[in-house]
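Notes for the one structure printed next.
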Amino acid sequence: MGLGLFKKKEEKIQSESKFMTGWMERDEPQRNANPHLYRIVYSRKHCIGGDICTFVDPVHFNLSKKDGKADFLNSQKQEDGTFVMTVEDPTMNDIGNPLRRAADSCPAGVIRVVRVKDGRLVAGH
Ligand code: SF4
């Protein structure tokens, strides 16, 4: 492996671990929160395309014609470049829930669903 390629790989790993760190910091449990409140975080810059999320959850995800990445509809862009949406959804524990399916089926692992009350990762990887 050439030095340039090695450096690129190292940068990618560092950037991904920053995403993880940001995730952990942002999602401190809020013990008094509604048990059906979930935070969905999407790291668009790490999206590799492929269209799975838009297929399983077209209400929340749409593939951009500009760059082939998914747009997370009606989410809020954060300073770190991630897109976040907080939803109250009693069906999130159901494996058929579209948002949950999108997170679980994303091959890049860039969609995550966390329960606000205890910070538990409900879907995504
Ligand atoms: S499934 Fe994941 S990698 Fe594929 S388009 Fe959606 S967010 Fe991007």
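Taken together, the values in this text are just the output of simple stated rules run on the coordinates, not laboratory data. Predicted model only: the values in this text are computed from it and were never measured. Backbone-built Cβ (ideal geometry, glycine too); neighbour counts: all protein chains shown.
Can you give the local net charge around residue 71? Use residues other than it whose beta-carbon is closer than 13 angstrom to its beta-carbon, Lys and Arg +1, Asp and Glu -1.
Every neighbour counted, the sum reads +3.
So what's the net charge close to residue 36: Lys and Arg +1, Asp and Glu -1, counting the other residues with Cβ under 15 Å from its Cβ?
Cβ neighbours under 15 Å give a net charge of +2.
Under 5 Å between amide H atoms, partner at least 5 residues away or on a different chain: which partners does residue 49 have, H built in plane at 1.01 Å?
For residue 49, the qualifying residues are 70.
Just to confirm a number: summing +1 for Lys and Arg and -1 for Asp and Glu over residues other than residue 57 whose beta-carbon lies under 10 angstrom from that of residue 57, what do you get?
Once positives and negatives cancel, what remains is +2.
Hey, fewest Cβ within 10 Å first, where do 125, 60 land in order? Spell out each step's value before the answer.
On the way: 125 12, 60 22.
Ranking 125, 60 by Cβ neighbours within 10 Å, fewest first, gives 125, 60.
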